[in-house]
Amino acid sequence: MSEAQEIQIGQEQDAQVRKETGVYAEADLQQCVSDIGIGLSRLSERPGLPWKFTVVDAAAINAFALPGGFIYVTRGILPFLDNEAQLAGVLGHEIGHVTARHSAQQHSRSAGAQIGLVLGSILVPQTRPFAELGQTGLGVLMLKYGRDDELQADGLGVKYATAAGWDPAGIPQMLTTLGRIEEASDNKGVPNWLSTHPAAEDRVRKVQAAGTAAGAGEGAAGGGPATNRDAFLRRLDGVIYGDNTEQGIVRGRSFLHAGLRFSLEFPQGWDVSNGSAQVVVREPQADAFLLLQLVQRPVGRTVEEVALHSMQNAGFQPVEGGRRTINGLDAFVGTYRGRMQDVGVVGARAAHIVHGQNVFLVAGLAPQQLYQREETSFSATIASFRPLTRAEAENIRPNRIDFYTARQGDTWQSIAERPGGIIKATMLAIMNGHAIADQPRSGERLKIVVGG
Ligand SMILES: [Zn+2]
């Protein structure tokens, strides 16, 4: 591939990422990431590429590179970094993939994303609901490189970061944090950096060795290696954590969508994956799913026609059904039979609900032998779909990063349980660069997440 081709591919895909994933609207943060990235890229082997560094509006913990020098970090990864040296480590690694011209071996998707994809293509093939924002771009771009390429990118990242004057300790620290997330994660299907990268421990050791060899501690500006912790933490203040309101927000069992003005409730304990194309909710350890999406370009004069057409289009045959009113909204609720990839014959309880200009699909799907057991849960979720008032919609605010100074006797558990706290003790520890077994030190300034 010539350099011109590389740049052209990068530019085309960059436009797609910006459109589908969205750019996080915080100018200061964008500027900070761009300044650090540009500084590193100038010291790389390919300083002449049109380097561009962007924070995308996605909750997933991720960073990725496109050919030609287009580099992205998600807003979701930022709270897990402790300082600018760690951010430089992430950016340096991604720059390394570009400068070494690593070609991606395959597109990779995590389990949840795969389920979403499969359901999406089966159920309503032409749909791209919940429009522009979300993780579609990320899903497509979850590039997987070979292990040797990853280690090489680590090494290049250390080299660039050290040359630019960043504390090289930031890179093993960052890898350690990401490794802890991997250990603690229950694989809910959020696509992230870890699912496409080798295990952290081994990389930490290699990177530490590379840091020592690169002359750790000198710093390009002569003032010693920089971390810029305070400046970085100031920029993190108020950053959105988790779903943005445009994508709809998960609060406990509820899904709330301010823009489209509705809410619904999922069964207790099910795992919710809020993607751009659909919300997929899965019963743990079972092949039972609930799916929420917009029916795009509905075909038919009545909701019944729209329902039968969209389900038939997806290969589902109606068993029975009828017109209903769900919390004041016109709907068609039916039982269907069809096939799902990797699951086989499934039963579906599906509601097509007219709300404003849109038709929503809320569907429960389960293998035939499970269907009877699940039907009550499916019907309860369908019945919970309701419009939000303007006041309710305006009250939906995303969760944000805030700070808290630890006091004597505080534990991760006690901080997590404070009023308004959103995330669990484990995530709090990891977000603040601690092993889960550690406890916060008295007087330590900690990142926390508060509800909107
Ligand atoms: Zn990589």
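Descriptive notes on the structure:
- Verdict on Leu194 being of a type outside the set (S, T, N, Q) and at pLDDT 80 or above: no
- Of the candidates Arg397, Arg418, Arg390, the single residue that is more than 26 Å from the chain's Cα centre (by Cα), modelled with pLDDT under 95 and surrounded by fewer than 19 Cβ atoms within 10 Å (Cβ to Cβ) is Arg390.
- Given (1) under 28 Å from Arg261 (Cα atoms); (2) open to solvent by 70 Å² or more (accessible area, probe 1.4 Å), index of the condition Arg337 fails: (1)
- Condition check for Thr376: modelled with pLDDT under 95, among the β-branched types (Val, Ile, Thr) and surrounded by fewer than 18 Cβ atoms within 10 Å (Cβ to Cβ): no
- Per-region count, region 48-97, residues away from the ligand (no atom under 13 Å from the Cβ) and within 14 Å of Leu156 (Cα to Cα): 1
- Of all residue pairs spaced 6 or more apart or on separate chains, those with beta-carbon atoms under 9 Å, a first member in region 396-423 that is within 14 Å of Lys447 (Cβ to Cβ) and a second member that is crowded, with 18+ Cβ neighbours inside 10 Å and among the acidic types (Asp, Glu) are Asn399/Asp243; Tyr404/Asp410.
The values are calculated or read from the model by the stated rules, or taken from the named source; none is laboratory data. Remember, it's a predicted structure, so these values are computed and weren't measured experimentally. Positions of Cβ are backbone-derived with ideal geometry, glycine not excepted, and every protein chain shown enters the neighbour counts. To get the accessible areas, we keep the full protein, side chains included, count just its heavy atoms, and leave off ligands, DNA and RNA. Shrake-Rupley method; radii C 1.70, N 1.55, O 1.52, S 1.80 Å.
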